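Asker: Can you read through this structure? Questions will come right after.
Nothing in this text is a laboratory measurement; each read-out follows from the coordinates by a stated rule. Since this is a predicted model, take the numbers as computed values, not measurements. Positions of Cβ are backbone-derived with ideal geometry, glycine not excepted, and every protein chain shown enters the neighbour counts.
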Amino acid sequence: MSKQPTNTTTSTSAIERLRDEGLAALRGAASLEELAAAKSAHLGKKSPLALAQRGLGQLGPEERRQLGQAINAARAALEEAEAARRSELEAERDRSVLAAEAVDVTLPPRTPRRGSLHPVHETMDAMVDVFVGLGYRVVTGPEVESDWFNFEALNIPPDHPARSLMDTIYVRGLGSEADAYGVTDLLLRTHTSPVQARTMLAQPPPVYVVVPGRVYRSDVADATHLPAFHQIEGLAIDAALSFADLRGTLAELARNLLGPETRIRMRPHHFRFTEPSCEVDAWHDGRWIELLGAGMVHPNVLAHVGYDSAAVQGFAFGIGVERIAMLRHGITDIRLFVENDLRFLSAF
Ligand code: FA5
């Protein structure tokens, strides 16, 4: 009795059927994974074709020759079909990878947005440039200031009503240690004028300085007021400076910043630290806009810092930077400067 494995296929027509099934599976594979599975099912070691080959030994010589030829032909056809389908699927995969990784060199690049100087700082720089051109030196002072520099050195004694004109923001809990002048009361400076005394205490006359910086008042914001804004202080002390020098200096500033046609006016005013004092306005958009306060430095201020008011005198001024920026750019509401709206800021 010949021992035949149950799976062994013994007729050429059965081999041809296996071949056709295999060809259909290989040609119909939709992916490289499916193709690998079909290859293993129809050409692998456990495929019906492999089993048939292994069963050849059981057959007589003529049968073995015929069936062997059929099996070899079927294998060759399946291998060829597998290779053909594989190259198709690989080409498809390469195409989709290329498409997914394609770079469109004609797309416009995403360039980062370019920032620009805030219009208030741009104006402050332009103002400082004018004064540097006139020979002034730039100095700065602290925003958290002592009561003495902010008020007393400027001839505003404690309890003087002039203090209530500037709504001061006091800093509590920081001033427990007295500073070099024995002062413990700290506040947010209400103007840049405290740097007048700081400068004069640090150097002998002559003095020509400008002081750009931020100042604070508990003002309510409206179209021309902010609770935190910028000033540029100017101080000039020399042997023979007069009110006419102050006027000429401010006229030079206005011409440079606001154009040669700018109309300005000086109004008499009162500051405790200057005598005489004035305010300067510029005509803009149908109304006068107050730009600055100024005057001849009060002899008491000079005495406070040890300057001899018989030998030197001079003038001082404090300019609102936002107000100048408004005039330069035709802005009618000062609050636009602090809203940080990029549509507004990128217009500069
Ligand atoms: C002073 O601050 C004086 N220290 C100026 C001074 C300096 C006078 C030296 C004499 C000698 P005044 O409070 O007026 O003065 O403010 C000066 C300028 O700051 C004003 O003219 C105005 O342009 C601007 N300013 C005042 N308050 C505000 C505010 N709340 N918001 C925006 N700008 C302001």
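Asker: How much net charge surrounds VAL211 when only the other residues with a Cβ under 13 Å from the Cβ of VAL211 are counted, with Lys and Arg +1 and Asp and Glu -1?
Answerer: On the way: positive: ARG137, ARG189, ARG198, ARG214; negative: GLU143, GLU145, GLU233.
The answer is +1.
Asker: Further question on the same structure: What does the convex hull of the Cα atoms come to per residue for segment 271-322, in Å³? Don't jump to the answer; show the numbers that get you there.
Answerer: On the way: hull volume 4.1 nm³, N = 52.
Roughly 79 Å³ of hull volume per residue.
Asker: If you don't mind, another one. GNM, the chain, Cα, under 10 Å: largest mean-square fluctuation among ALA91, ALA316, ALA153?
Answerer: Residue with maximal mean-square fluctuation among ALA91, ALA316, ALA153: ALA91.
Asker: To continue, here is another question. For every other residue with a beta carbon closer than 12 angstrom to the beta carbon of SER31, add +1 if it is Lys or Arg and -1 if Asp or Glu, then tell me the sum.
Answerer: Values: positive: ARG85, ARG86, ARG93; negative: GLU33, GLU34, GLU88, GLU90, GLU92.
Around SER31, the charge tally is -2.
Asker: Please name which of GLY330, PRO206, ALA73 has its Cα lying farthest along the dipole of the chain towards the positive end, using unit charges on Cβ (Lys, Arg +1; Asp, Glu -1) and the Cα centre as origin.
Answerer: The residue sitting farthest along the positive end of the dipole is ALA73.
Asker: Packing-wise, with mean Cβ within 10 Å as the measure, how do 236-242, 335-341 rank, highest first?
Answerer: Ranked from most to least packed, the peptides come out as 236-242, 335-341.
Asker: Also, quick follow-up: Explain nothing, just the number: dipole magnitude of the chain about its Cα centre with +1 on each Lys and Arg Cβ and -1 on each Asp and Glu Cβ, in debye rounded to the nearest 20.
Answerer: Dipole magnitude for the chain comes out near 1880 debye.
Asker: With n ≥ 4 as the cut-off for DSSP H runs, can you work out [θ] at 222 nm for the chain, using -39500 (n - 2.57) per run divided by the number of residues, rounded to the nearest 500?
Answerer: Details: 11 runs with 138 residues, N = 348.
So the helix-based figure for the chain works out to -12500 deg cm²/dmol.
Asker: With contacts defined as alpha carbon pairs under 8 Å and 6 or more residues apart, what's the relative contact order of segment 12-171 in percent? Walk me through the numbers before you get to the answer.
Answerer: Details: 78 pairs, mean separation 32.3, N = 160.
For segment 12-171, the relative contact order is 20 percent.
Asker: In the neighborhood of VAL128, defined by Cβ-to-Cβ distances under 13 Å, what is the net charge if each Lys or Arg adds +1 and each Asp or Glu adds -1? Please list the in-between numbers first.
Answerer: Numbers: positive: ARG137; negative: GLU122, ASP125, ASP129, GLU233.
It works out to a net charge of -3.
Asker: Now a separate question. Based only on other Cβ atoms within 10 Å, what is the fewest-to-most ordering of SER96, SER11? Walk me through the intermediate numbers first.
Answerer: Working: SER96 9, SER11 13.
Sorted ascending by nearby Cβ count, the order is SER96, SER11.
Asker: Only Cα pairs under 8 Å and at least 6 apart count here; give the relative contact order of segment 244-308 as a rounded whole percent.
Answerer: Details: 83 pairs, mean separation 14.7, N = 65.
The normalised contact order for segment 244-308 reaches 23 percent.
Asker: May I ask you to sort VAL97, VAL120 by Cβ crowding, counting other Cβ atoms within 10 Å and putting the fewest first?
Answerer: Values: VAL97 10, VAL120 20.
Fewest-to-most Cβ neighbours within 10 Å comes out as VAL97, VAL120.
Asker: What is the distance in Å between the Cα centroid of segment 97-165 and that of segment 9-74?
Answerer: 85 Å
Asker: Further, regarding this structure: Given Cα pairs under 8 Å that are at least 6 residues apart, what percent is the relative contact order of the chain? If you can, show how the numbers build up before the last one.
Answerer: Numbers: 527 pairs, mean separation 49.0, N = 348.
Relative CO of the chain lands at 14 percent.
Asker: Right, another one. Can you say what percent of the DSSP beta bridges in the chain, counting only those with both residues inside, are antiparallel? Round to 5. Intermediate values should be presented prior to the final figure.
Answerer: Numbers: 46 of 48 bridges.
Taking every DSSP beta bridge with both residues in the chain, the antiparallel ones total about 95 percent.
Asker: May I pose another question? Once the piece of chain linking LEU56 and ALA102 is laid out straight, how much longer is it, given 0.36 nm per residue of separation minus the C-alpha distance between them?
Answerer: Working: separation 46, 0.36 × 46 = 16.56 nm, distance 5.39 nm.
Net length gain for the segment: 11.2 nm.
Asker: What is the ratio of the Cα radius of gyration of segment 255-348 to 2.2 N^0.38 Å, with N the residue count, to two decimals? Intermediate results must be reported in sequence, preceding the final value.
Answerer: Details: Rg = 17.2 Å, N = 94, 2.2 N^0.38 = 12.4 Å.
Relative to the 2.2 N^0.38 Å estimate, segment 255-348 comes out at 1.39.
Asker: Could you state the angle between the C-alpha long axis of helix 119-133 and the longest principal axis of the C-alpha atoms of the chain, as a value from 0 to 90 degrees rounded to the nearest 10?
Answerer: 50 degrees
Asker: For LYS39, LYS45, what ranking results if the residue with the fewest other Cβ atoms within 10 Å of its Cβ goes first? Please list the in-between numbers first.
Answerer: On the way: LYS39 22, LYS45 8.
Lowest to highest Cβ neighbour count: LYS45, LYS39.
Asker: Which one, THR192, THR249, ALA99, projects farthest toward the positive side of the charge dipole computed for the chain from Cβ point charges (K/R +1, D/E -1)?
Answerer: Result: ALA99, furthest along the dipole toward the positive end.
Asker: Taking the chain as the reference, fit the longest principal axis to its C-alpha atoms, fit the long axis of helix 61-100 to the helix C-alpha atoms, and give the angle between the two in degrees, 0 to 90, nearest 10.
Answerer: That helix lies at roughly 10 degrees to the long axis.
Asker: In nanometres, what is the gap between the two model label sites at ALA202 and ILE289, each 7 Å from Cα along Cα-to-Cβ?
Answerer: So the label points at ALA202 and ILE289 sit 3.2 nm apart.
Asker: Using only Cα atoms, tell me the angle between helix 243-258 and the longest principal axis of the chain; keep it within 0 to 90° and round to the nearest 10.
Answerer: Long axis of 243-258 versus the principal axis of the chain: about 20 degrees.
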